[in-house]
1. For A110, state whether it is modelled with pLDDT under 95, of a type outside the set (F, W, Y) and either crowded, with 18+ Cβ neighbours inside 10 Å or in a loop (DSSP other than H, G, I, E, B) (or both).
2. Among the listed residues L72, L50, identify the single one that is modelled with pLDDT of 80 or more and assigned to a helix (DSSP H, G or I).
3. Given (1) of a type outside the set (V, I, T); (2) modelled with pLDDT of 90 or more; (3) under 13 Å from the mean Cα position of the chain (by Cα), identify the lone condition not met by G125.
4. Looking at D16, D64, which one is modelled with pLDDT under 95 and assigned to a loop (DSSP other than H, G, I, E, B)?
Amino acid sequence: MGQEAGLFKKILVPVDFSPCSDEAFGVACEIARLCGASVAVLHVIDTGALAAFNRLGLLAVPSDAAGQRRRLRHHARLNVRRLQESEEAEGVSLTRTIVEGSPFVEISKAARTGKVDLVVMGSYGGRSGSVDKIFFGSTAEKVVRTAGCPVLTVPLPASAGQRKST
């Protein structure tokens, strides 16, 4: 159906390596196979969180912010490689991008400038219970409002077997 119609050509899947993000990655790969689309994997290193950690003294050495960024980039590359080599990614054309900034800004910018047809993302990530979400809304909600293309939000299933049975 999708492949002939060319419904989606490029799918953006932002990842933060949370279980919900992993679920969204799997859904994005399934849609890509159905539509013959490519998948762009995006990870955003949240510089706002890094600055907050530094202000609160949560970095081992405050002057180690540059070293912390390098470690986060390295960690992100390893985790994206894990996704690229996963069973879900078999047969899917994948590209990866790792950027620094505010997650919803960078995701929306990538969607608009990258000629993305669909964004597939987890409905919540690693900071789902944070005060930031209570006052400012979730990253997914902000992306839905600003991406300029359809956004599919994927919740974490109640059980691991739920996705396979649907």
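1. no
2. It is L72.
3. (2)
4. None of the others qualify; the one that does is D16.
The values are calculated or read from the model by the stated rules, or taken from the named source; none is laboratory data. Keep in mind that this is a model prediction, so the values were computed, not measured. Every residue, glycine as well, gets a Cβ built from its backbone with ideal geometry; the counts of neighbours run over all protein chains shown.
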